[in-house]
Structure formats: structure tokens, C-alpha cells
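**Q** This is the structure I have questions about; it appears just below.
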Amino acid sequence: MLPVLESLLRKSIESKSEVEQIDQQFAELSERIFLTGGMLVDVRACATLKAKREKAVQAAKDALSEINAIGVQVKDLDVGLLDFPALVNGKIVLLCWRMGEPTISHWHGTEEGFAGRKPIDDTIH
């Protein structure tokens, strides 16, 4: 299942990056308008850019929804961090995977977070 999740996660990350780039373009345009006291704006180009942004936002939301529907929690989109809730010895723990890791090889308690990651050993089975 990791290849499917990684693909969805990459799609979310790429879409987020596209939204951030478009937001930067709009911020730069706003600054130019402000600094020049106004200017003619290519409304068609702005509308196209806005539609592209909305499409990227929806693509990210769709991919994140698919990940959540599988029962996996996205903890950090910038890092590519996923948690997999699991019942171990009667206690809920989070199996932890970061994009680029070959397998799920760490876990942490529900209150510990990434900083509390421990390698999966014989206590987790």
C-alpha cells in the first residue's frame, strides 16, 4: 500500500507547491499595483491563474481525502509524514512513515509525535 500512499502524497505536495507559486505571483502583482499607484491588469491571465490555483487546491484536497479514507493520517505535508493508527497490546499506537523511507519501520505513542519515534521491534507485532 505504500506505493499508492506515496503517489497520493506526492500529488498533494506538488499541488500545494503549485498553489504556493500562484499565491506568490498574485502577491507580486499586488505589490506592483500598490507601488505604481495602480496599473492595467490582464484580467484574462489573472482569471486563468485563479482557475489553475483552484484546480490545484482541489487536487490536493482529493488526494488527502483518499489518504484519509484509507485510514492513514497525514501529519506533515511538507515533510511527507504519515501515521498509521494500530492497536498493539490493547493500546493505540501510530506506526510512522516518512516519504522516502522504504518501509514502515518506526512507531510512536499518540501523544509523542515524530520526536518520539522508536524503531519497530518485537514489542510491536
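None of the figures in this text is laboratory data; all of them are computed from the coordinates on show. None of the values given here were measured: they were computed from a predicted structure. Note: ideal-geometry Cβ built from the backbone for every residue, glycine included; neighbour counts use all protein chains shown.
**Q** Remind me, what semi-axes does the chain give for its equivalent ellipsoid, largest first in whole Å, using sqrt of 5 times each Cα gyration tensor eigenvalue?
**A** Working from the Cα gyration tensor, I get semi-axes of 41, 14, 10 Å.
**Q** Please compute the modelled spin-label separation between D122 and Q58, points set 7 Å along Cα→Cβ, answer in nm with one decimal.
**A** If labels sit at Q58 and D122, their model points lie 5.4 nm apart.
**Q** A follow-up question, please. Which residues' amide hydrogens lie under 5 Å from the amide hydrogen of I120, considering only partners 5 or more residues apart or on another chain, with H built in the peptide plane?
**A** HN-HN under 5 Å from I120: H106, W107.
**Q** In a Debye calculation with equal point scatterers on the alpha-carbon sites of segment 23-77 and no solvent, what is log10 I(q)/I(0) at q = 0.31 Å⁻¹?
**A** Result of the Debye calculation: -1.17.
**Q** Next question, about the same structure. Obtain the nm distance between the two label points defined at A69 and L49 by a simple spin-label model: each point lies 7 Å from its Cα along the Cα-to-C-beta direction.
**A** For the pair A69/L49, the computed spacing is 3.3 nm.
**Q** Working from the pairwise distances between different alpha carbons, so that the mean of 1/r is found and then inverted, what is segment 62-125's Kirkwood radius in Å?
**A** Result for segment 62-125 stands at 12.1 Å.
**Q** Shifting gears a bit: So, in Å, what gap is there between the alpha-carbon centers of segment 79-118 and segment 19-69?
**A** If you average the Cα positions of each part, the centres end up 34 Å apart.
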